[in-house]
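Trainee: Structure provided below as structure tokens; questions to follow.
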Amino acid sequence: MEFLVASAIGILTAGGIYLTLRLRTFPVILGVSLLTYAVNVFLFASGRLTVGAPPILRDGVSTYTDPLPQALVLTAIVISFGMTAVVVMIGLGAFLGSDDDHVDDQPQTDEDRSEDAS
């Protein structure tokens, strides 16, 4: 179980870093989303992976799961959704303003404009 979760975190992190290093806006947004998913799974797994254990102490229960990572992940999901919405709007505004979605878009000089016109 732990190997599967650790592999999933590693794959999400690797995919997120790969997409974040792309030169277009949309893959960067997807990469940041994958990185937030990896962090959420890591936070969730930090509370001990136990199957069928209750998060609240009761009489007659010897093992329980920690509810704090669950609360942290729930909060992180809400924050990452808001952050993704803001980044999508910034990327959309940049695309509509310059008709290009390159992340490292350099401003054109007068020489570049004259070459584009010919």
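Trainee: Return yes when Val5 is over 21 Å from Val103 (Cβ atoms), among the aliphatic types (A, V, I, L, M), surrounded by 14 or more Cβ atoms within 10 Å (Cβ to Cβ) and in contact (Cβ under 8 Å) with a residue 40 or more places away in the chain and no when it is not.
Mentor: yes
Trainee: Specify the residue that is surrounded by the most Cβ atoms within 10 Å (Cβ to Cβ); the eligible residues are those in the range 20-73 that are closer than 21 Å to Val5 by Cα and either in contact with a Cys (Cβ under 9 Å, 6 or more places away or on another chain) or charged (D, E, K, R) (or both).
Mentor: Asp66
Trainee: Counting only residues that are among the hydroxyl-bearing types (Ser, Thr, Tyr) and either in contact with a strand residue (DSSP E or B) (Cβ under 8 Å, 6 or more places away or on another chain) or at pLDDT 85 or above (or both), which one in the range 55-99 is farthest from Thr20 (Cα to Cα)?
Mentor: Thr75
Trainee: Evaluate the following for Gly31: is it under 23 Å from Gly16 (Cβ atoms) and not hydrophobic (A, V, I, L, M, F, W, C)?
Mentor: When the stated conditions are applied, Gly31 passes them.
The values are calculated or read from the model by the stated rules, or taken from the named source; none is laboratory data. The structure displayed is predicted, hence computed values, not measured ones. Cβ: placed from backbone, ideal geometry, glycine included. Neighbour counts: every protein chain shown.
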